[in-house]
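Every number here is computed from the coordinates shown, using simple stated rules; none is lab data. Small disclaimer: the values here were computed from a predicted structure and weren't measured. Glycine gets a Cβ as well: all are built from the backbone with ideal geometry, and neighbour counts include every protein chain shown.
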Amino acid sequence: MDPSHKSRLQNLPRILFAPLPLPLLEPILSKVVCTISRNRPELTNRLGVHKYKSFVIDPTNIPFALLLQPNPDEPSLRAYRRNQLPPHDARIAGTLLTLLDMVDGKLDGDALFFTRDLIVEGDTEAVVCLRNALDDIEGSIANDIADIFKTPGRAALAAVRRIKGEQHGSYEHDPA
């Protein structure tokens with residue numbers, strides 16, 4: 001793939017999300033985290049004491065980061081501009097597609113860390129527990145999230161996966 005085309009694909013999320021007012025995301029993010037917490041209690045159970053920690057999920061090619069608080073009694077997922085992030089225990093940063101692949105268990109977090117495709121800061125033990133909890137999940141959290149929004153969600157996930165395939169030079173069909 002032509003490097004300039006790859007660069008445009010990597011920057012597409014930043015362009016699409018730039019004009020989005022973050023308060024519009026709050027009900028969507030709340031629905032996502034509450035549904036996943038309710039349908040996948042094993043995820044927070046696997047975190048042990050770390051379920052009360054705050055994780056910044058920072059897709060570096062979109063104009064905001066997410067603060068995840070997986071507390072099963074009151075799960076929270078909120079969007080913040082990077083310069084307005086509240087205190088947190090750990091930060092995980094990478095491109096949106098890299099983070100999606102990690103959530104899907106398709107990429108090895110350790111390998112990503114050593115190739116610097118993934119940045120981990122703060123409480124690394126909590127991050128490792130989160131990654132292990134995601135690895136132990138049957139199925140795909142990304143698919144679960146897409147399913148919350150039915151046909152539009154599945155179409156959006158399929159589009160993201162197609163872009164990922166183009167970036168990696170493969171066009172395999174991965175149904176959402």
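Inter-label distance, Glu125 to Ala158: 4.5 nm, where each label sits 7 Å from its Cα along the C-beta direction.
Here the calculated FRET efficiency for Ser76 and Arg116, from their Cβ-Cβ distance with R0 = 30 Å, stands at 0.55, rounded to the nearest 0.05.
From the Cα gyration tensor of the range 55-109, with a ≥ b ≥ c the square roots of its eigenvalues, which class applies: rounded if a/c is under 1.5, or else prolate if a/b is larger than b/c, or else oblate? In terms of gyration-tensor shape, oblate. Measuring r between the beta carbons of Thr60 and Ile28 and using R0 = 30 Å, the FRET efficiency lands at 0.90.
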